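Contents: one structure, followed by commentary.
The values are calculated or read from the model by the stated rules, or taken from the named source; none is laboratory data. In this text the structure is predicted, and so the values were computed from the model without any measurement. Positions of Cβ are generated from backbone atoms using ideal geometry, with glycine treated the same way; all protein chains shown enter the neighbour counts.
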Amino acid sequence: MKFATELIHGGDPIDPQHGSVSHPIYHTSTFAQQSMDHFGRYDYARSGNPTREALEEAVAGLEKGATGLAFASGMAAIASTILLFAPGDHLVVCEDVYGGTFRLLSTLFKGWGLEATFVDATDTAALAAAIRPETKALYLETPSNPLIKITDLAAAVALAAEHGILTIVDNTFMTPYLQRPLELGCDIVLHSGTKFLNGHSDVICGFAVAREPELGKRLRFIQNAFGAVLGPQDCWLVLRGLKTLKVRMEEHQASAQKIALWLKEQKQVERVYYPGLPDHPGYEVHKRQSSGPGAVLSFELSSFELTTRLLEGVKLAAFAVSLGGVESILSYPAKMSHAAMPPAEREARGIKDTLVRLSVGLEDPDDLIADMARFLDI
Ligand SMILES: *Cc1c(COP(=O)(O)O)cnc(C)c1O
């Protein structure tokens, strides 16, 4: 099946009892068992729920993994996955990793005894240099956030294989429609499903998908033991959101490309970060490992005053945290996604106080451009 067909008919969405084409929502905490010798497929809903399972299978299928698991948030998926490791272990992490992941690793897990080294993952040699005998995984995001840096996944997988360590990729920005890291040999894909997968800015959720059943089994054990599962109502909303993933991504992306090209022409815009622009340093690598540039771009403005005016003045994009919704969202990384990062650390990573991130929604791009032009076309 091609991707669009799999979105609609993948998994097993038909309710065998009544044929409902929309998956039933099993709002239950437990399942009655037939007898002492006959336990059914489900027992307690933290361990398994049919609505959650339908969603988990759908996401695993789209990412081409053996096992998919749904969590109460992207951070729950990430934290649960990191529980694969133990105190004394070490991870090599891309330096402009999502701010919440940076916070998790540099506070909670650091206190627990798990070490992380943050490196510029666009440089495979820098990744290699950071690997120690106790390193257990590479943790990557490509495109990264908010500087939209591109990491060569095939090169990272080759490096990880050389050292017998895992490759973990947060694929939130791309979705499996545009990029499937497991097909490139990565071991685990993570998602904040809150973003494009659900796509409608109405659910907080996360996913972990393992390429191999063995690793999937270990993650499933953690999901049940740690317990940060997604509730059935939210699972149903994501199942519904997923069906339009392809059409949404196509529209989002076409608009983002148009807006990126327009931004590049504006005198007040100093720099545009978008992997759909041929002068992006990661353009070729990104093109090789994905089928499109996606819908998130960042740009730097000429002054802090203009940055404030734009963020507070634009009407058609919400000034908010988050991305990947049907509505455009403008965010300010220095005080939002990367607020958890100390200012010196943030500056060192090139996240300036004139940097704005735009998640392009499904509005007409001409309206978005006209709205921003009120501030930029001067
Ligand atoms: C939002 C986000 C997360 C965290 O997900 P939540 O659903 O907010 O917990 C992780 N990684 C990336 C890339 C994100 O954009």
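Scanning the stretch 245-252 turns up one or more residues that are touching a Leu at 6+ places or on another chain (Cβ under 7 Å), within 15 Å of the ligand (Cβ to nearest atom) and closer than 26 Å to LYS352 by Cα. ALA344 fails exactly one of the following numbered conditions: (1) surrounded by 14 or more Cβ atoms within 10 Å (Cβ to Cβ); (2) modelled with pLDDT under 95. What is the number of that condition? That leaves (1) as the condition not met.
Count of the stretch 321-336 residues, restricted to those that are within 15 Å of ILE204 (Cβ to Cβ) and at pLDDT below 90, is 1.
Screening LEU153 against (1) over 16 Å from the mean Cα position of the chain (by Cα); (2) modelled with pLDDT of 95 or more leaves a single unmet condition, (1).
Within the stretch 49-66, being in contact with a strand residue (DSSP E or B) (Cβ under 6 Å, 6 or more places away or on another chain) and assigned to a helix (DSSP H, G or I) holds for ARG52, LEU55, GLU56, VAL59, ALA60, GLU63. Sub-8 Å Cβ pairs linking a first residue in the stretch 172-194 that is more than 18 Å from ALA156 (Cα to Cα) to a second residue that is among the hydroxyl-bearing types (Ser, Thr, Tyr) and more than 13 Å from the ligand (Cβ to nearest atom), at least 6 apart or interchain, are TYR177/SER291; LEU178/SER290; LEU178/SER291, ordered by first then second residue. Report yes if ALA60 is farther than 20 Å from THR194 by Cβ and more than 15 Å from the ligand (Cβ to nearest atom), otherwise no. Considered against the rule, which asks whether it is farther than 20 Å from THR194 by Cβ and more than 15 Å from the ligand (Cβ to nearest atom), ALA60 comes out as no. Restricting attention to the stretch 15-53, the residues that are charged (D, E, K, R) and in contact (Cβ under 8 Å) with a residue 24 or more places away in the chain total 2. Looking at this structure, is HIS280 part of a loop (DSSP other than H, G, I, E, B), modelled with pLDDT of 95 or more, within 18 Å of GLU141 (Cβ to Cβ) and touching a Phe, Trp or Tyr at 6+ places or on another chain (Cβ under 9 Å)? Taking the combined requirement at face value, the residue satisfies it. Taking the stated definitions as given, is LEU114 of a type in the set (A, V, I, L, M) and under 27 Å from GLN289 (Cβ atoms)? Answer is no for this residue. So is VAL326 of a type in the set (A, V, I, L, M), touching a His at 6+ places or on another chain (Cβ under 7 Å), within 16 Å of the ligand (Cβ to nearest atom) and touching a residue at least 40 places away in the same chain (Cβ under 8 Å) or not? Here the answer is no, as VAL326 does not meet what is asked. Scanning the stretch 64-73 for residues that are surrounded by fewer than 24 Cβ atoms within 10 Å (Cβ to Cβ) and within 11 Å of the ligand (Cβ to nearest atom) gives ALA72, SER73. In the stretch 88-101, the count of residues that are of a type outside the set (A, V, I, L, M), more than 27 Å from LEU147 (Cβ to Cβ) and in contact with a strand residue (DSSP E or B) (Cβ under 9 Å, 6 or more places away or on another chain) is one or more.
Does SER298 qualify as being outside any helix (DSSP H, G or I), modelled with pLDDT of 95 or more, surrounded by fewer than 19 Cβ atoms within 10 Å (Cβ to Cβ) and assigned by TED's automatic domain parsing to the domain that holds ILE351? Considered against the rule, which asks whether it is outside any helix (DSSP H, G or I), modelled with pLDDT of 95 or more, surrounded by fewer than 19 Cβ atoms within 10 Å (Cβ to Cβ) and assigned by TED's automatic domain parsing to the domain that holds ILE351, SER298 comes out as no.
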